[in-house]
Amino acid sequence: MLRSLLSASLMTGLMMLTSLEISSSEAKEPAPLKTLEKDQIPKSMQGLPLLFHENFQSGNSKHWEPTDDKAWKMIQQGDNQVFSLITKKSNFEPPVRSPYNRALLKNISVSDFIFDVKLQSTIPDYGHRSLCLFFGYQDDSHFYYVHFGKKMDDHANQIFIVNDKPRTKISTKTTPGTNWDDEWHHARVVRDTESGSIKIYFDNMQEPVMTATDKTFLSGRVGIGSFDDTGNFDEILLFGKKVE
């Protein structure tokens with residue numbers, strides 16, 4: 001039923017942005033996609049084409065390039081399949097201090113974009129429980145990422161740039177922390193390269209939980225992962241301007 005609802009939604013709203021309906025505490029899989037009202041996003045970002053959609057129901061992760069293949073695998077949740085980061089700290093050694101666990105979307109680089117992801121933390125609760133999303137990815141030592149950390153500090157629950165040196169916080173706004181539990185959540189990254197704006201949303205798509213302004217990387221790949229925790233990922237959509 002989930003997949004039929006998803007297909008219907010995509011058929012009617014393929015060129016529109018989407019909002020993921022947050023699942024109840026008893027839900028075992030991500031909820032179906034629903035279209036966003038246009039006034040919920042900046043005018044400059046409206047009408048971006050859908051470049052990629054992934055629900056992993058094919059049972060493989062062929063569109064993704066992990067930095068450590070052994071750290072990721074497909075798992076079954078009820079009748080749903082998700083891409084799971086199963087290793088707390090992978091064997092990948094970053095060139096500079098930055099997240100260890102990364103899986104990048106293959107063959108697509110974007111400038112302006114909206115990156116929607118369903119994600120589920122699978123690590124026992126602790127102060128730095130976290131997951132990450134990557135964007136503007138040039139190579140392993142040049143990119144941005146957002147760290148959704150349980151408790152905010154200078155190295156957690158912030159937007160970061162990695163520019164050939166250890167990650168540097170660039171957030172101009174954040175929150176005291178990301179309220180992780182064991183359920184599925186909805187994250188969104190909105191990037192406007194003309195202004196340099198980066199806006200991060202978590203569950204509430206009306207108000208960003210983090211913001212930053214930076215023009216260092218004006219295009220790049222996107223990805224999923226964590227600094228050194230485990231988690232599941234599903235229902236991924238990328239709207240944007242493709243860069244050849």
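Once the piece of chain linking D181 and D164 is laid out straight, how much longer is it, given 0.36 nm per residue of separation minus the C-alpha distance between them?
Working: separation 17, 0.36 × 17 = 6.12 nm, distance 3.35 nm.
Net length gain for the segment: 2.8 nm.
List, in the order given, every pair from K89/K118; K173/K242; K73/K118; K62/K106; K70/K242; K89/K165 whose Cα-Cα distance in the structure shown is over 18 Å. Spell out each step's value before the answer.
Working: K89/K118 21 Å; K173/K242 28 Å; K73/K118 16 Å; K62/K106 9 Å; K70/K242 30 Å; K89/K165 20 Å.
Flagged as over cut-off: K89/K118; K173/K242; K70/K242; K89/K165.
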Region 199-238: C-alpha gyration tensor shape, a/c 1.5 cut-off, then a/b vs b/c: oblate
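Can you classify region 49-111 as rounded, prolate or oblate using the Cα gyration tensor, where a ≥ b ≥ c are the square roots of its eigenvalues, rounded means a/c under 1.5, and otherwise it's prolate if a/b beats b/c and oblate if not? Mind dumping the intermediate values first?
Values: a/c = 2.65, a/b = 1.19, b/c = 2.22.
In terms of gyration-tensor shape, oblate.
Report, in debye and to the nearest 20, how large the dipole of region 201-244 comes out about its Cα centre when Lys and Arg carry +1 and Asp and Glu carry -1 on their Cβ. Each step should come with its number before you reach the end.
Details: 4 positive and 8 negative charges, 80 e Å.
In total the dipole reaches around 380 debye.
Based on the Kirkwood radius over alpha-carbon pairs, what is the Stokes-Einstein translational diffusion coefficient of region 43-242 at 10 °C with 1.306 mPa s viscosity, in µm²/s?
Details: Rh = 16.6 Å.
Approximately 96 µm²/s, per Stokes-Einstein.
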Computed magnitude of the charge dipole of region 43-242 (debye, nearest 20; Cβ of K, R +1, Cβ of D, E -1): 420 debye
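Only the coordinates and a few stated rules stand behind these numbers; no lab work does. What you see is a predicted model, and the numbers here were worked out from it, not measured in a lab. No Cβ is skipped: glycine too gets one built from the backbone with ideal geometry, and neighbour counts run over all protein chains shown.
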